[in-house]
Ligand code: FES
Ligand SMILES: [Fe+2]
């Protein structure tokens, strides 16, 4: 089994959408090469433990589970940790705004490392080619200059002033427009995107991706949308995000190597990849080795 | 025998039939994946199956005929060289850095595509290959070690026809040759050839298929009982250090290449065509709009645009104007250079990059100015992007590259012998009103350039949408500034007063400074800038190169800051 670096071990890691885990029934999943079982007790609180080989069956009395892993719920998801996690999850303040539609939009398995999937989420250059006629369309392929910084106080990568011409930027958009994005990477395997909202100039739709690193080369992408959208139904919005990730999946699974190479001489960066470069550097400096190919020292 | 990543043997990796028109085939050899594709000119490319940008398999890319386009971000790579020609995220930049994918040697023969892990060995036909009309069997993949597959194939030989083991995992008996393609330590593909076309191809294929399927089943059962061999572990080559950082733009310094004048012909009245071929292999990757410096026998250097289309790298074709009162440059070329002569040229440079992200592209050529625009039209043509090419000449006989123009599918409009006034109105209607993502490219005599620029501006075309190229610096040089230059390597600080160039001051101080045109057009005096802000006045560097503030032409450019530090 590959070793898990201490940083990764102590992080909160997403494992399931809260309302998808039925009370009293056991769900099985994999996190960082470890088999986990989870359920919810009678109060609805999640219970997570390491699944041993002897354990069987899909029903359990949660009271009998003694060796529990830490648990926290947030943004519609259950999070756990194999180490000593921080007190709280990273903040997404918008989530608490009363008039937003918050929803978890399902999960999709990807045969690629979690950091590769984060990088794809940060990347605008692929819109016209992979999300043709939805998030981009040829010939509008230009990625204009944008700003990237690593915020020290919040320990996150921040990309601002990201602009792209999109034929149908969101479910409620009907014609091509230039949309503006802000990307945050507040967690090595999670990213939050703010995008100008077609309905209200002053507010932003929030889309977040939480990646569950199952193994070094496999992950699950869990999606959150927090939208200001009065017309679309939840089903519409879910289907829209599912389409987008369904389009990314075959491309990501054809990416080699599957782990993200941190050596700058492994792949060719261009100016459009500024945020990805910052992300790789940030991972490197943190000492993350899970799901990446660390720089040879 | 154990397989080695560096085995130089040629193996078959595909059948010719695996490469239909505009297809990309995923091949494998010695643990490596390969992207195999045939360009429209028939050339077969065998490349590392990985885009240099973000590692996506190129075998899922799109074969555009002369270029291969990656699915993820649309990077394009040229036929033959595998050099990157276009990065859609930055459509206005000419990729200045040499981004080139790894290629493997290739040969198409006897109905098969052959390749090798490196080019240490020249391709040699197997014994007895010549003089037959070979028939290729269907390939049979087998999950077993290649050497076991070979041994089993040898075992198929009838008792009275002993198997003949050939070099390179091959075996023959009777009129049948079997080649084992070593995919990996535990995987192989059997590729068979028959010496003659069978009378009944379908029955023959079925017969062999049955025999080989049985063999495969037997081999795979045996392999399942053995421990699986350790797969080969190919590594990806590291990029060069200058590709690893984000582009601080590196200006390629003049490597020269020797070429042979393969063909010289009269393309039109007053235009001589030259085909310049590599002495072996192919020439470097170029982008549409690129030019080469041609070093003439009399010591002069002249710039000529490349007219080629995508992926055409076996030779560059240029057009040279035969001027009546021409002195120097073109006169030497036209009069003294003959077919078979050797000339030296620079690597292609591009100051006239073509954006491929326009909804409408207007190309306007006057006379010999057709050359870069012909190349652009060919690239747009291959990618099925919309364009209109307007070509102005004084008379019909002066239309150069007529056959090539006729082969284009886009809108090509010839305007011959128009009176001056009409040229203006024709240009005006060719341009029309501007709307978003429209671009015009113009090349031709000075007055025509002016007309296009003025007309376009008057019709609402913004400056960034009007593209043209200078081979001569017609700008008035402003040499009024005064500043200091520090020569870092020579440990000298010089004062440049107004009215004098940096080059003159350096020469006065006893330094030897190479130069040629001394008007900021040829690139000979290109110098690296270490510190200070440059006041660029040349026409050699392109926009992004100028913006990088890392180099300058000392013959015309000056300083905006009080001090410049140069790497001299
Ligand atoms: S991975 Fe091929 S273009 Fe980006
Ligand atoms: Fe995507």
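Coordinate-derived values only; no laboratory data. Nothing here was measured: the structure is a model prediction, and the numbers come from that model. Neighbour counts run over all protein chains shown; Cβ positions are idealised from the backbone, glycine included.
Quick notes
- Hypothetical label at residue A:84: residues of region A:2-46 whose amide nitrogen lies under 12 Å (7 Å Cα-Cβ projection): A:10
- For the peptide A:116-129, the mean number of other protein chain Cβ atoms found within 10 angstrom of a residue's Cβ is 3.
- Of the Cα atoms belonging to region A:88-181, the radius of gyration and Dmax stand at 15.5, 44 Å.
- Pairwise alpha-carbon distances in region B:382-437 exceed 19 Å for 39% of all pairs.
- Among A:67-74, B:388-395, the peptide with the highest mean count of other Cβ atoms within 10 Å heads the list, and the full ranking is B:388-395, A:67-74.
- Inter-centroid distance (Cα atoms) of region A:77-123 relative to region B:421-478, Å: 51
- DSSP beta bridge pairing in region A:6-80, given as percent antiparallel to the nearest 5: 95
- Alpha carbon centroid spacing (whole Å) that separates region B:145-218 from region B:333-354: 51
- Förster-model FRET efficiency, 30 Å R0, residue A:160 and residue B:567, C-beta, rounded to 0.05: 0.30
- Degrees separating the helix B:370-382 axis from the principal Cα axis of chain B, which is the longest one: 40
- Rounded to the nearest 0.05, the FRET efficiency derived from the C-beta distance between residue B:406 and residue A:150 at R0 = 60 Å is 0.60.
- Most to least packed among B:221-227, A:204-210 [average Cβ atoms within 10 Å]: A:204-210, B:221-227
- Once both labels are positioned 7 Å from their Cα atoms along Cα-to-Cβ, the gap between residue A:133 and residue B:102 label points is 3.9 nm.
- Cα gyration tensor shape for region B:117-270, rounded if a/c is under 1.5, else prolate or oblate: oblate
- Short to long, the 10 Å bins of the Cα pair-distance histogram for region B:10-124 hold 15, 48, 29, 7, 0 percent of all pairs.
- Computed FRET value (nearest 0.05) for residue B:204 with residue B:124, which takes r as the C-beta separation and R₀ as 30 Å: 0.60
- Hull volume in cubic angstrom per residue (convex hull over the Cα atoms of chain A): 141
- 17 Å reach of a label modelled at residue A:20, 7 Å along Cα-to-Cβ, counting backbone N of region A:26-40: A:26-32, A:36-40
- Subtracting the Cα-Cα distance of residue A:233 and residue A:28 from their residue separation scaled by 0.36 nm leaves 70.7 nm.
- Per-residue Cβ neighbour rank within 10 angstrom, fewest leading, A:215, A:235: A:235, A:215
- Estimated inter-spin distance, residue B:450 and residue A:111, nm [label 7 Å along Cα→Cβ]: 6.5
- Spread over its residues, the convex hull of the C-alpha atoms of region A:6-80 is 89 Å³ per residue.
- Percent breakdown of C-alpha pair distances by 20 Å bin, ordered from the shortest bin, for chain B: 18, 42, 28, 11, 1
- Shielding by partners, peptide A:258-270 (average Cβ within 10 angstrom, other chains): 6
- Least to most buried among B:551, B:51 (fewest other Cβ within 10 Å first): B:551, B:51
- Kirkwood Rh in Å, taken over the protein assembly as shown so that all alpha-carbon pairs contribute: 31.2
- Ordering B:527, B:204, A:231 from the fewest to the most neighbouring beta carbons within 10 Å gives A:231, B:204, B:527.
- For the pair region B:522-568 and region B:45-83, the centres of their Cα atoms are 35 angstrom apart.
- Whole-percent pair-distance distribution, where bins are 10 Å wide, for the alpha carbons of region B:256-346: 17, 55, 26, 2
- Shielding by partners - mean other protein chain Cβ count within 10 Å, residues of B:80-89: 3
- Residue separation of residue B:458 and residue B:279 scaled by 0.36 nm, minus their Cα-Cα distance, works out to 59.6 nm of gained length.
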